[in-house]
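What follows is a short report on a single structure.
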Amino acid sequence: MDNVYTPEQRSRLLEQVNNLRSLEVPTPAPPYIPSGVVRLFASESWNSKQVDLNIYDYVANRRQRLPNSMIDDAEWVAWNLPVGAVMTFTDHVPNQPSNAASLEGGGRTLDLIGSGQTRAGSLRANEMRNNPAAFWWREVDLWQGAVQFFADPNCTGNFATIFLNEWPRDTLINMSGWWIEDATSAVSWKALTDRQTVTLIQNRDGSGKRYDNIKGWGSFKEVGNLDDYDFDDTLSCFLWSSKDPKKEIIDPIKLPKSANANSTSFTSNHAGDNRTDLAQKTTLRLRQEEAQTLTVETSDSQHTGMSIKLTQTERAGAEGIATSETTVEIGFTYDFTTTKTVTRTSSKTIAVEIEQEFNVPAQKHFVADITASIGTYPPADYHTRATRWYDYAVPNGVRDPAENNWYKREEMITFRLSGSLTSDITWHMEASRLA
């Protein structure tokens with residue numbers, strides 16, 4: 001895992017981690033744990049028998065059996081996982097499911113969520129004391145939110161953390177074979193974004209009773225006792241969705257000139273004669289297919305696709321002067337409807353197309369060339385504003401009479417851009433007497 005986050009992004013991700021219920025923290029403080037390592041302790045002492053599980057030693061998303069020396073023999077745990085990494089333990093050794101996130105056949109679960117720091121917990125209150133038998137690890141998209149199902153009232157006892165990016169949007173998720181099925185007494189959704197919803201359903205086929213008030217906005221973010229809503233020990237199916245804006249306008253990003261210009265260049269040459277007694281206008285053209293690339297990753301996870309529009313204004317300036325003006329403007333459009341799968345990265349390959357007009361003096365032979373230098377853009381974050389309109393009372397939204405009285409809200413979006421784009425253009429022309 002080599003994710004690099006800005007301080008702002010890391011702060012937001014850690015807030016998501018802290019919004020998720022974890023284990024009771026034992027005392028004294030745990031020992032230092034190297035990054036990527038989960039350490040199980042056989043008793044409630046940091047000096048007891050222990051085993052290390054390094055995520056880099058195991059294939060992601062594959063069920064792994066614990067060593068026999070530690071199966072059903074762990075009481076404390078300490079871990080230091082990168083932000084976005086999760087290791088889940090189960091008290092059974094299940095077969096590999098078709099969806100790696102499925103909890104089918106695993107029994108009770110324990111989720112250790114990475115924060116980039118050493119954390120620790122007791123397995124006693126989570127009902128996993130002396131129970132872990134298998135595990136798997138993977139990377140999750142914390143931007144996309146999570147919901148937690150608890151076996152006991154007041155969000156206690158064993159619980160399962162459902163990371164929404166691991167499940168398709170607007171799709172019934174059948175919980176057949178999950179230990180938490182028909183055993184959920186409380187639910188917490190503090191890690192949802194303010195546009196997400198989750199629906200709890202009684203039967204595996206989507207029929208029966210529903211609890212349909214889990215949403216990322218509002219004054220409360222958990223239900224400590226589902227029995228208050230006649231839904232205790234009833235959950236067998238769920239689905240999640242997102243309240244998409246009815247309209248949006250995303251301000252384009254203007255890229256600065258690349259600081260790594262002239263890494264690659266393309267040149268076009270043209271020669272000819274003007275045998276008339278008047279100056280003649282001629283056009284010098286340069287076209288190079290697939291010369292430019294652009295990759296964009298967005299921090300906005302509540303969409304299903306993204307398209308990029310690249311606008312380049314290029315002017316070589318006066319003939320023979322090795323300076324140019326190149327303006328790159330990138331526009332974005334999100335797709336909220338075409339698929340149930342979230343796509344946060346989009347790549348585009350762009351041809352270089354340049355035309356330069358110039359005058360050839362009367363009775364002259366000319367030789368002209370134009371060169372486009374490609375500059376590289378290493379991965380960097382750019383911020384822009386999205387103005388969005390919603391048909392519900394989104395937090396900080398203001399009614400807009402000009403747009404159907406929808407709720408208007410300005411949101412900041414971060415795009416991570418990288419690639420290679422035209423940075424400099426030069427051209428030159430020489431005229432001489434006709435032979």
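Please identify which residues in segment 357-397 have an amide N closer than 16 Å to a label point set 7 Å out from the Cα of Thr267, following the Cα→Cβ vector.
Those under the cut-off are 367-374.
Rounded to the nearest 500, what is the 222 nm mean residue ellipticity of the chain from helices alone, with -39500 (n - 2.57) per DSSP H run of 4+ residues and division by all residues? Before the final figure, lay out the partial values.
Numbers: 1 runs with 13 residues, N = 435.
When only DSSP H runs of four or more count, the value is -1000 deg cm²/dmol.
With Cα Rg over 2.2 N^0.38 Å in mind, check (1) 1.32; (2) 1.15; (3) 1.02 and report the label derived from this structure.
Label of the calculated value: (1).
Sorted by average packing, counted as other Cβ atoms within 10 angstrom per residue and highest first, what order do 379-386, 18-25, 108-115 take? Walk me through the numbers before you get to the answer.
On the way: 379-386: 14.0, 18-25: 16.0, 108-115: 23.8.
Packing order, densest peptide first, comes out as 108-115, 18-25, 379-386.
Students often forget the sequence filter, so: which aspartates and glutamates lie under 18 Å Cα-Cα from Lys364 once same-chain residues fewer than 8 apart are removed?
Asp273, Asp277, Glu319, Glu430
With each label point set 7 Å from Cα along the Cα-Cβ vector, what nm distance links Ser418 and Tyr32?
Going from the Ser418 label point to the Tyr32 one covers 3.0 nm.
Are any of the pairs Lys257/Lys348; Lys215/Lys254; Lys215/Lys246; Lys221/Lys243; Lys243/Lys408; Lys221/Lys247 more than 24 Å apart by Cα-Cα distance, and if so, which?
Numbers: Lys257/Lys348 19 Å; Lys215/Lys254 35 Å; Lys215/Lys246 18 Å; Lys221/Lys243 17 Å; Lys243/Lys408 14 Å; Lys221/Lys247 27 Å.
Over 24 Å Cα-Cα: Lys215/Lys254; Lys221/Lys247.
Can you tell me the dipole magnitude for segment 343-435 around its Cα centre, using point charges on the Cβ only (Lys, Arg +1; Asp, Glu -1), in Debye to the nearest 20? Don't jump to the answer; show the numbers that get you there.
Details: 10 positive and 12 negative charges, 55 e Å.
Here the size comes out at about 260 debye.
Relative to a virtual label point 7 Å from the Cα of Tyr58 in the Cα→beta-carbon direction, which members of segment 70-86 show backbone nitrogen distances below 11 Å?
Those under the cut-off are 86.
So how tilted is helix 7-19 from the main axis of the chain? Cα-based, degrees 0 to 90, rounded to 10.
Between helix and principal axis, roughly 20 degrees.
Modelling each spin label as a point 7 Å along the Cα-to-Cβ direction, I'd like the Ala351/Val93 distance in nm, to one decimal.
According to this spin-label approximation, the distance is 6.0 nm.
Please turn the phi angles of segment 429-435 into ³J(HN,Hα) values with the Karplus equation 6.51 cos²θ - 1.76 cosθ + 1.60 (θ = phi - 60°), one per residue in order, whole Hz, x for glycine and proline.
Values, residue by residue: 9, 10, 10, 9, 4, 5, 6 Hz.
Have a look at Thr333, Ser219, Trp178 and report the one farthest towards the positive end of the charge dipole of the chain, computed about the Cα centre with Cβ charges (Lys/Arg +1, Asp/Glu -1).
Looking along the dipole axis, the top candidate is Thr333.
For the chain, report the accessible area per residue in Å² (1.4 Å probe, heavy atoms, rounded to an integer).
Values: 19940 Å² over 435 residues.
Per-residue accessible area for the chain comes out at 46 Å².
Mind giving me the FRET efficiency for Asp182 and Glu329? R0 is 51 Å, r the Cβ-Cβ distance, nearest 0.05 is fine.
Working: r = 55 Å, r/R0 = 1.07.
After rounding to 0.05, the efficiency reads 0.40.
The values are calculated or read from the model by the stated rules, or taken from the named source; none is laboratory data. Keep in mind that this is a model prediction, so the values were computed, not measured. Methodologically, a virtual Cβ is constructed for each residue, glycine included, from the backbone with ideal geometry; neighbour enumeration extends over all protein chains shown. Keep in mind that these areas ignore ligands, DNA and RNA; they rest on the heavy atoms of the full protein, side chains included. Shrake-Rupley method; radii C 1.70, N 1.55, O 1.52, S 1.80 Å.
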